[in-house]
Amino acid sequence: MTTPWRRPDRLAERRANLVARGHILRAVRDFFAASDYVEVDTPALQVSPGLEPHLRAFATILHDPRDGGAQTRYLHTSPEFAMKKLLAGGMTRIWQLAHVYRDGERGATHHPEFSMLEWYRVGATYCDLMDECEILLRRVQDAAGAETLRWRGQSADARRPWPHVTVAEAFARHAGIDLLATTLDPERPDAALLAAAATRIGLPPHPGDDWETLFFRIFLERIEPRLGIGAPTILYDYPIAMAALSRPKPDDPRVAERFELYVCGLELANAFGELTDPAEQRRRFAADQARKQALYGETYPIDEDFLAALDHGLPECAGIALGFDRLVMLATGAEHIEEVLWAPVM
């Protein structure tokens with residue numbers, strides 16, 4: 001039986017990390033206050049929990065005492081939809097530290113309930129958010145009193161210059177694969193071409209592997225462990241097939257304005273130059289739900305009010321989601337997420 005987290009000895013083991021967590025949170029709040037961001041607080045119960053195909057949400061029933069009605073609601077996997085509605089309503093710089101919920105996730109870096117730091121800025125590009133990440137991580141490292149950020153024997157100093165590497169460059173450098181050559185049709189990348197490339201480097205495909213599955217297999221095996229070693233690394237310009245909620249890059253429609261931040265081989269943040277076209281967003285939602293149905297036999301509702309907000313005018317903006325618990329792990333050297341949580345979900 002797992003030892004209860006509330007026991008004095010277990011709490012004492014985490015105490016230094018939890019004290020550091022408080023220092024880091026203060027540094028985060030100071031950063032956003034100095035940058036003229038407004039802290040917001042949106043509800044966890046939503047019509048749609050988020051539509052990323054591989055995420056599983058927690059569902060519940062919302063009972064209305066006024067008319068006796070009952071409707072399914074979900075605990076959000078991210079506060080993104082609600083925060084973008086605030087942008088459509090006129091807010092220009094907002095941030096939030098939200099508890100978010102993802103079913104079926106538990107491990108060294110995953111937990112069913114965790115803290116997500118998200119911020120959105122009207123008139124900004126994803127390059128602006130890259131700059132903000134550098135400032136924020138340096139302040140966090142200082143607040144924690146850490147010489148470097150650390151995880152599983154690797155280290156990265158946020159004070160050093162940060163490498164910026166495109167996804168295509170990373171595949172060429174670490175796997176010897178010309179990734180964009182497999183995306184001649186950006187919307188329908190060629191699984192057979194990527195399978196041939198994977199076989200050539202000793203990662204033969206499994207029966208039924210599609211392009212995305214092959215991408216992640218190569219990425220997790222050959223690329224991710226090499227990112228963010230020595231200094232945090234910005235991995236940017238994802239193939240348009242992996243655009244999610246990001247807009248196409250104007251000067252290269254094969255890729256999207258999306259970046260991820262890696263530290264010590266650990267993914268820390270995911271950012272977009274945000275998509276503002278409601279018709280394109282609906283098409284992507286439908287495609288994601290079709291994939292979810294094919295993979296897992298379930299779908300989640302589309303938030304029509306979110307699409308209406310886009311239709312009424314979501315301004316040009318950029319946004320980012322950063323795993324706050326992972327940030328604390330890196331600043332304290334903790335190897336398991338439960339080492340930085342006050343009360344893990346048991």
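The values are calculated or read from the model by the stated rules, or taken from the named source; none is laboratory data. Bear in mind that the values here come from a model prediction, so they are computed numbers and not experimental data. Reconstructed Cβ throughout: ideal geometry from the backbone, glycine too, with neighbour counts over all protein chains shown. Areas reflect the complete protein model, heavy atoms only, side chains present, ligands, DNA and RNA absent. Shrake-Rupley method; radii C 1.70, N 1.55, O 1.52, S 1.80 Å.
Work out, step by step, the length gained on full extension between Arg7 and Arg291: first 0.36 nm times the residue separation, then minus their alpha carbon distance; give nm to one decimal. Please report the intermediate quantities before stating the final value.
Details: separation 284, 0.36 × 284 = 102.24 nm, distance 4.38 nm.
Between Arg7 and Arg291, full extension yields 97.9 nm more.
All alpha carbon pair distances within segment 28-84 were sorted into 5 Å bins beginning at 0; the resulting P(r) in whole percents reads 4, 16, 19, 17, 15, 13, 9, 5, 3, 0.
Annotation note: chymotrypsin sites (Phe, Trp or Tyr not before Pro) in segment 262-343 located in DSSP loop regions with a Cβ neighbour count of at most 13 within 10 Å are Trp342.
For segment 71-157, with all protein chains present and a 1.4 Å probe, just round the carbon and sulfur fraction of the accessible area to a whole percent. Intermediate results must be reported in sequence, preceding the final value.
Details: 1490 of 3380 Å².
Ligands and nucleic acids excluded, carbon and sulfur reach 44 percent.
If you build the convex hull over the alpha carbons only and average its shadow over all orientations, what do you get for segment 29-180? Give it in nm² to one decimal. One quarter of the hull surface, i.e. the mean projection, equals 13.1 nm².
For the chain, what relative contact order do you get, as a whole percent, if you take Cα pairs closer than 8 Å and at least 6 residues apart?
Contact order relative to length: 23 percent.
Size check on segment 159-208: the Cα extents along the three principal axes, sorted descending, read 45, 26, 15 Å. Relative to its residue count, segment 260-299 spans a Cα convex hull of 88 Å³ per residue. Along each principal axis, taking the top coordinate minus the bottom one, the Cα set of segment 1-113 gives 49, 44, 32 Å in descending order.
For the pair Ile61 and Asp252, the difference between a 0.36 nm per residue extended length and the Cα-Cα distance amounts to 64.3 nm.
Just to check, using Stokes-Einstein with a Kirkwood Rh over alpha carbon pairs, what's the diffusion coefficient of the chain at 10 °C and 1.306 mPa s in µm²/s? The partial results should precede the final answer.
On the way: Rh = 21.3 Å.
Here the translational diffusion coefficient equals 75 µm²/s.
The three principal axes of the Cα atoms in segment 121-275 give end-to-end lengths of 49, 39, 21 Å, sorted in falling order. Put simply, segment 132-172 fits an ellipsoid with semi-axes of 23, 14, 7 Å; these come from the alpha carbon gyration tensor as the roots of five times its eigenvalues, largest first.
Cβ-Cβ distance of Ile201 and Ile229, R₀ of 30 Å, FRET efficiency by 1/(1 + (r/R0)^6): the value works out to about 0.90. A Gaussian network model of the chain, with springs between Cα atoms under 10 Å, assigns the largest mean-square fluctuation among Asp251, Asp36, Asp325 to Asp251. Take Val255: with every protein chain present and a 1.4 Å probe, its accessible area is about 10 Å². In terms of the mean number of neighbouring beta-carbon atoms within 10 Å, the peptides 197-207, 82-92, 64-74, 328-338 order highest first as 328-338, 82-92, 197-207, 64-74.
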